[in-house]
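Before any comments, here is the structure.
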Amino acid sequence: MRPGVAPAATVVCLSLLLLGAGQPSPPLPARMADTGGGSQLITAVARGPGSTSGTVTWWDLKGGRWVAAGSAPARFGARGLAEGAARRQGTHTTPTGLYGLPYAFGIEAAPRGTAYTYRPVRRNSWWCQDNDSSSYNRWTEPRAADCRAAEAEHLIGHRTQYAHALVVDFNYRRPARGRGAGIFLHVNGRGATAGCVSVPKHAMRKMLRWADPARDPHLAIGTRGGRTAITRY
């Protein structure tokens with residue numbers, strides 16, 4: 001082959017490669033198996049299953065394309081993430097999967113513009129995590145008689161984390177004993193969570209003003225790749 005002269009086939013292949021390299025990759029929701037069917041989505045992504053930090057992004061579906069509305073650093077369980085279908089209570093892991101967001105709650109008043117049902121936390125507000133209780137994985141006010149205090153979370157005792165929160169529909173509609181209770185998207189505490197997803201307070205307030213229950217927002221939790229990749233859900 002003469003120096004400086006490339007075969008026509010080589011030129012065509014090179015042109016195609018350059019064309020492909022200039023194409024942006026589809027936004028994350030477009031690469032997911034399921035987004036819940038609504039036009040809003042929150043994604044919480046960690047580097048790997050052992051990670052305790054990552055990124056939360058909230059998205060709008062506009063004109064058939066997903067557009068990021070905002071993002072923030074996120075924290076996960078102290079022992080990372082675990083496949084939601086196999087996750088067990090007390091493991092300090094955040095369950096991966098795609099979940100609805102039934103309602104919001106908080107010790108502080110809802111941010112102006114919040115459309116979600118927002119339940120105020122009172123001094124007698126508890127979340128039952130007692131596997132032997134009929135109120136397992138439910139808000140109970142006051143604490144149910146069959147829910148032991150040692151197996152329940154006194155919500156007002158977590159003024160920082162529960163300034164604002166969204167309930168995550170993990171093991172919620174038909175609770176299976178032992179899988180876990182009280183999984184929320186809430187404000188950051190001092191470090192990793194006990195199994196929830198947390199974000200800075202300003203980000204939580206932004207999401208509450210943004211989220212519209214009429215648009216059926218969901219929360220997808222997962223890793224960048226592997227068996228718990230967020231694109232699987």
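The values are calculated or read from the model by the stated rules, or taken from the named source; none is laboratory data. Source: prediction; values computed, not measured. Please note: Cβ atoms are built from the backbone with ideal geometry, for glycine as well, and neighbour counts cover all protein chains shown. Surface accessibility is based on the protein's heavy atoms, side chains included, excluding ligands, DNA and RNA. Shrake-Rupley method; radii C 1.70, N 1.55, O 1.52, S 1.80 Å.
Please find, among Gly189, Gly180, the residue that is open to solvent by less than 10 Å² (accessible area, probe 1.4 Å) and in a loop (DSSP other than H, G, I, E, B). Step through it out loud before you land on a result.
On the way: Gly189 fails: open to solvent by less than 10 Å² (accessible area, probe 1.4 Å).
Just one listed residue meets the conditions, Gly180.
Name the pairs: first residue in the stretch 175-198 and without any contact (Cβ under 8 Å) to a residue 24 or more places away in the chain, second residue small (Gly, Ala, Ser) and open to solvent by less than 30 Å² (accessible area, probe 1.4 Å), Cβ to Cβ under 9 Å, at least 6 apart or on different chains?
Correct list of pairs: Phe184/Ala165; Phe184/Ser198.
Regarding the stretch 79-93, can at least one residue be identified that is among the aliphatic types (A, V, I, L, M), touching a residue at least 40 places away in the same chain (Cβ under 8 Å) and open to solvent by 40 Å² or more (accessible area, probe 1.4 Å)? Break it down stepwise before answering.
The first filter runs over the stretch 79-93 and keeps only residues among the aliphatic types (A, V, I, L, M), leaving 81-82, 85-86.
Filter once more, so that each one left must be touching a residue at least 40 places away in the same chain (Cβ under 8 Å): 81-82.
Okay, now just the ones that are also open to solvent by 40 Å² or more (accessible area, probe 1.4 Å), so none.
For the stretch 79-93, residues among the aliphatic types (A, V, I, L, M), touching a residue at least 40 places away in the same chain (Cβ under 8 Å) and open to solvent by 40 Å² or more (accessible area, probe 1.4 Å): absent.
Would you please name the residue that is farthest from Gly180 (Cα to Cα), looking only at residues in the stretch 101-112 that are touching a strand residue (DSSP E or B) at 6+ places or on another chain (Cβ under 7 Å) and surrounded by 17 or more Cβ atoms within 10 Å (Cβ to Cβ)? First the steps, then the outcome.
Step one: list which residues in the stretch 101-112 are touching a strand residue (DSSP E or B) at 6+ places or on another chain (Cβ under 7 Å), which gives 101-106, 110.
Narrowing the set further to residues that are surrounded by 17 or more Cβ atoms within 10 Å (Cβ to Cβ) leaves 101, 104-106, 110.
Values: Leu101: 16, Ala104: 19, Phe105: 19, Gly106: 21, Ala110: 27 Å.
Here the residue is Ala110.
Across the stretch 53-78, which residue is least open to solvent (accessible area, probe 1.4 Å) among those that are more than 15 Å from Ser198 (Cβ to Cβ) and not in a strand (DSSP E or B)?
Here the answer is Gly64.
Please specify each residue of the stretch 212-233 satisfying the condition of being touching a strand residue (DSSP E or B) at 6+ places or on another chain (Cβ under 8 Å) and surrounded by fewer than 19 Cβ atoms within 10 Å (Cβ to Cβ).
Passing the criteria: Asp212, Arg215, Asp216, Arg224, Arg227, Ala229, Thr231, Arg232.
Pairs please, first residue from the stretch 28-52 and touching a residue at least 40 places away in the same chain (Cβ under 8 Å), second anywhere and outside any helix (DSSP H, G or I) and acidic (Asp, Glu), Cβ atoms under 8 Å, 6+ apart in sequence or on different chains.
What qualifies is Gly36/Asp216; Gly37/Asp216; Gly38/Asp216; Ser39/Asp60; Ser39/Asp216; Gln40/Asp60; Gln40/Asp212; Gln40/Asp216.
Could you tell me whether Pro3 is modelled with pLDDT under 95 and either open to solvent by 40 Å² or more (accessible area, probe 1.4 Å) or assigned to a helix (DSSP H, G or I) (or both)?
Criteria met by Pro3.
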